[in-house]
Each structure stands twice: as structure tokens, then as C-alpha cells.
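To start, the structure under review is shown below, and the notes come after it.
The values are calculated or read from the model by the stated rules, or taken from the named source; none is laboratory data. Predicted, not measured: the structure shown is a model, and the values here were computed from it. Every residue, glycine as well, gets a Cβ built from its backbone with ideal geometry; the counts of neighbours run over all protein chains shown. Ligands, DNA and RNA are excluded from the accessible area calculation, which covers all protein heavy atoms including side chains. Shrake-Rupley method; radii C 1.70, N 1.55, O 1.52, S 1.80 Å.
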Amino acid sequence: MAEDAAAAAMAAASLTDDLEPATCRTRIRSILADGAARAGERVVVGGWVKTGREQGKGSFAFLELNDGSCVANLQVLVDASVHPLAPLTATGTSVLVEGELKKPPEGTKQRVELRVDRVLEVGEVDPAAYPLPKTKLTLENLRDVVHLRSRTNTIGAVARIRHQLACATHRFFDENGFLYVHTPIITTSDCEGAGEMFQVTTLFSHAEKVEKELEENPAPSESDIEAARFVVKEKGDVVAQLKAAKASKQEITAAVAELNKAKENVSKLEERSKLKPGIPYRDDGTVAYENDFFKRQAFLTVSGQLQVETYACALSSVYTFGPTFRAENSHTSRHLAEFWMVEPEIAFANLQDDMNCAERYVQYLCKWLLEHCREDMEFMVKNYDKTAIERLELVSLTPFQRISYTKAVELLKNITDKKFENKVEWGIDLASEHERYLTEVIFKKPVIVYNYPKEIKAFYMRLNDDQKTVAAMDVLVPKVGELIGGSQREERLDLLKTRILDAGLPLEPYEWYLDLRRFGSVKHSGFGLGFERMILFATGLENIRDVIPFPRYPGRADL
């Protein structure tokens, strides 16, 4: 067995003789975490120069190097005898270097630095053209260089926080027995019923293609088709004559092949004659979507909820976590055209179960960040929001307040020392100012508002016995307001049909959804957490465009 393993290793090695050796690079995060304890160790480090300066009359240079593994930089010292210094010191330059970790002189803030004796790779930068200067750019300006903004401390910290929140999400649901389900991005049903959806269609590109094709190769005329049909008749006659004359099998086969070719030509000409420029319409003036790619209208999803319900009604506890889309022409700091949602769905669960799960999940995320992202959170406290860590600690340790929508409206209507821009009255959809007042001023902790008026909530939410409200709930947190929206789903077939129709929606696209109520209906609940809103809440940043890697909003879809 040992001989076989050795032979296999030698054979594998011989196949990779023409490749460079693997780069055994050490992350800067691990070096800085250990500090002076690693002094004397040889390492290979790669990163981008934050700042560089020549010292000792050009005899050596200090580089502040960052590889994205943490917000802090590693100080790197390069001697001019090792490599020319000028190409190394410009901000944005990438380097891969090897050397020995040293304990710096007393009185310096660094606990460890790298003395370089080999420069392995350099990616040079033209300082005059590099769009990220040493001076701080505003987050708004950084959106104009979205392909490079991840090199800044802020966006790097946000990326690490976002990563940890994603890890925590999967960990929480896995620990609680949920299965991760990938729901479709392209859908034929509107979950929210608002109609603000991006349409997925090939009709326009197909129309352009047909128009171009007809310009280059006009459609055949009726006389062209008749001529082709006459050729078919001639070829058919030849086949009949050969059979009557008892010709050889080879002759008949060749003639039949010619006949089939002629028939195929007629079919192609007839098909091309049907080509018409422009979008296809029906006789009643509506678009003929039966000619589209999916043979019906299709959209980018606004939510994976409806689809993930199908798995909840078979596998009990499931969740989906993916991109969702809204074609809302909004320019506010809280809206994106493309964003991510975490949507769990739980079978045999009522509204109380739903609220319990949502509270535990949010608290889990907060605790996770405090344990796994302390350095980046401290960066946010120092630069953007002094209360960010306090807020995470508050939410992670404090039971959420639960209050009915009706009671919340009563409390807000009785406020005399605050004038709201949006008037408070029963039946309104609470605005962000109302939500934040509840959680930041009245209760000073997270709040779950439940039992909303049915008119302002989606068709799938369970109708309460009062016939006026539905079993819906929103989780409100300081800084952001609504973080989670959820509900107990309507499991009663007749009531769900009525709710769909009352929402002005046709039943046909939701027949599959109604089947879940026809065949083994089950009480079930779920919610959706806006992932970017959770990052806003955690970081204290003001604009949602700064917490997603590639923001899409009206007029902007860079890269």
C-alpha cells in the first residue's frame, strides 16, 4: 500500500513539473494577531500599498501593506539593494515579497514588521492616474469607482462584516434544523402584487435579430414558395418513376434523399415567410408572449418566499438566501434595484413561532459580529457611528418588545413632543420615522409590531378572526426601523383565493400555490430579512448603496 501511494505521488509530481511552485502566502491578519511572537519567522506576504515612503536618503523604504484580511496594515521595510524603491511606494501598487519578521525598535507603534530580502512580484501604478488618492474620498464619490472601492478601509471592513453575517446566517439555520433551498431568480408570479418587477424577455433582441436578418436576406415571396413546391413535385415524380421501373435500391435511396431535401427547403421558406419585424402582437392588441423564450411573461423575482413554501410544505423548516429585484424608481438611501434577502419558512408554525425565530436569528447575528468582527466594528465606531457596538450589544442581550399594530398607533398618536411628517392614523403603513420612534424613543430596544391591517399587507398573509387584520409582524430595530417583515401564511384555500382576487391578481399564475392548500395544507409561517438593512444596522452607515458590493439603482448598473 505504501509503495502504491509513493508511486502515485511521484506520478502526480511528474505531471506538474512545468508549473510554478504554489505560493505559500501568509495572511497579514494572522501576522498582526501574533505580533512579536512571530519575530524571526520567514514569510511570504502579498498585498497593496496603502502608503509608501523612501527614507535614509533613498537607501530604504517603508510600505504600509494591506491584503484585505483585516483593516490594519503590516509595515514592510525594503532596502534599495533588494529592489528599486520608486516602483514600490506609490499608493495602490501590489507586491508579493519574502523576508523575515522582526520586532521593531522600542517606541514604535508596530509590534512586528517585515524586513524584505526578496521582491517576488510587483504590480505598478501610475500615481497621476490612480483614482484613489491617499486623502479620504466620500462614500458617494467611491460609487463612481465601484471596481476599485473595495481597496478602501471602509468598503473592505463592510465586505468582511457582510461575509461574517452570511456565515452566521447559514450557521444559525443549520444549527436549528433548516435546509437551504435555492429558489429561482426568474419567476412567473408576483409575490408582492405591486407589479414593480423587472421583466425577463427575449422579444426585443429577437425582433432586432429578425429585422437585421430580413434586411440582409428578405423573406421569400409566394412565387418563391410555389417554385420550391414545384421542385418537390418533380422530385416526387422521379421517385415514383424509379419505383415503377423497379430501379436499384441505391438509385431509389438517392432520389428519396433529393426529395427530402426539397421538402426541407419548402419548410424553411414557409417558416421564413412568417418572419415579421417588431414585437409580435395578438389580434386584441396585447403582446404575444407565447412567442417569448418562456412562452409566457417572466420576471426577476421580488422574493423567493412563494417558491420556498413548496419545500416547507414537504421538508418542514427551510430557508432561501439570494438576490431579489425591485423595479421601483426610488432614489432614497434605503432602496436598491437588486438586493439580498434571507427568507426562512417553517411548517406547523404560527405567528408566535415566527416571531420567536426572527428574534433569535437577529440576536444570533449580533452576537456573531461581536465575537468574529470586533476589529472592523471598532473601525466603524471610530469613523462612522460611535454607538454601533453598543447597539449590537443591546439587541443581542435584550428581549424584544412585542406590541400590536393597533396599540403602536395609539402610542404614536398620543405623542405630543414630536411632530411626524406622516400623519399617524389606523390603517396607514408605518413610515420609517414611526418605526424608529417606537424602537429608539418609546421602548429603547427592538420592537416587534404584529397584526397589521389587511389592506396594507400581501395577499398570502393569514386573515385574523376580526376580518380587519392579518397575522403579520415586522421587527423594528434602532437606526434602521424595519429589519424583518413576516407573517403566518394563509393556509385556508377559499380565503386565499378571495385574498388573491381582492388584490386584483389573476388566479391562474397562482394555481400551483393554491395546490399547497388543496393537498395536505399545513399551518406555516415565515419572514424576510433584508440583508443590506442588517449591514446598515450593524455598521451605522447611512446609505444602502455602500453596503452591497455592486449597487444597482435607477440610472446605475456599473460592471
Worksheet item: Zone of Lys386 (label point 7 Å along Cα→Cβ, backbone N under 20 Å): which residues in the range 411-443?
Response: 440-441
Worksheet item: Cα-Cα pairs above 17 Å in the range 415-482: how many percent?
Response: 47 percent
Worksheet entry | Stretch gain in nm, segment Glu121-Lys268, where the contour uses 0.36 nm per residue and the Cα spacing is subtracted | 47.1 nm
Practice prompt. Return an integer: the convex hull volume of the alpha-carbon atoms of the range 22-132, in Å³ per residue.
Written response: 109 Å³
Worksheet entry | Label-reachable residues, the range 264-304, where backbone N falls under 16 Å from a point 7 Å from Lys233's Cα toward its Cβ | 266
Discussion item. As an exercise, use a Förster radius of 30 Å and the Cβ-Cβ distance of Glu20 and Asp144 to find the FRET efficiency, rounded to the nearest 0.05.
Written reply: 0.25
Worksheet item: Using modelled amide H (1.01 Å from N, peptide plane; none on Pro or chain starts), what sits under 5 Å from the amide H of Ile448, excluding residues fewer than 5 places away?
Response: Gln401, Arg402, Ile403, Leu476
Discussion item. Quick query: amide H of Leu179 versus all other amide H atoms, modeled in the peptide plane; which residues come in under 5 Å with a sequence gap of 5 or more or a different chain?
Written reply: Ser317, Val318, Tyr319
Worksheet, complete the sentence: For the range 222-236, in residue order, the Karplus 3J(HN,Hα) values (coefficients 6.51, -1.76, 1.60; θ = phi - 60°; whole Hz; Gly and Pro = x) are 5, 5, 4, 5, 4, 4, 5, 5, 5, 4, 4, 4, 4, 5, x
Practice prompt. Could you give me the percent of Cα pairs per 5 Å distance bin for the range 200-291, shortest bin first, beginning at zero and ending with the bin that holds the maximum distance?
Written response: 2, 13, 15, 14, 13, 11, 9, 8, 6, 5, 3, 1
Worksheet item: Each residue of the range 476-482 in order: what ³J(HN,Hα) in whole Hz does its phi give by Karplus 6.51 cos²θ - 1.76 cosθ + 1.60, θ = phi - 60°, with x for Gly and Pro?
Response: 10, 10, x, 6, 10, x, 5
Worksheet entry | Relative counts (whole %) of C-alpha pair distances in the chain, using bins that are 20 Å wide | 16, 35, 29, 17, 4, 0
Worksheet, complete the sentence: the chain accessible area per residue, 1.4 Å probe, protein heavy atoms, integer Å², reads 52 Å²
Worksheet item: If you place +1 on the Cβ of every Lys and Arg and -1 on the Cβ of every Asp and Glu, how big does the dipole about the Cα centre of the range 319-458 come out, in debye to the nearest 20?
Response: 420 debye
Fill in: Rounded percent of accessible protein surface that carbon and sulfur make up, the chain, 1.4 Å probe
52 percent
Discussion item. Taking R0 as 60 Å, what FRET efficiency do you get between Lys407 and Asn260 from their Cβ-Cβ distance, rounded to the nearest 0.05?
Written reply: 0.15
Item to complete: Note down the nm distance, to one decimal, between modelled labels 7 Å out along Cα→Cβ at Asp429 and at Leu514.
Response: 2.6 nm
Worksheet item: What ³J(HN,Hα) values, in whole Hz, does the Karplus curve 6.51 cos²θ - 1.76 cosθ + 1.60 give for the range 358-363 when θ = phi - 60°, with x put for Gly and Pro?
Response: 4, 5, 5, 5, 5, 5
Worksheet item: Alpha carbon centre of the range 314-340 versus the range 428-501: separation in Å?
Response: 17 Å
Worksheet entry | Over 26 Å (Cα to Cα) - which of Lys413/Lys445; Lys243/Lys274; Lys454/Lys497; Lys212/Lys268; Lys136/Lys419; Lys249/Lys274 fall in this group | Lys243/Lys274; Lys136/Lys419; Lys249/Lys274
Worksheet item: Given H placed on each backbone N at 1.01 Å, which residues far from Thr202 in sequence or on other chains put an amide H within less than 5 Å of it?
Response: Phe293
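Can you give the FRET efficiency to the nearest 0.05 for Tyr130 and Thr286, using r as the Cβ-Cβ distance and R₀ = 51 Å? Intermediate results must be reported in sequence, preceding the final value.
Details: r = 53 Å, r/R0 = 1.04.
Calculated transfer efficiency: 0.45.
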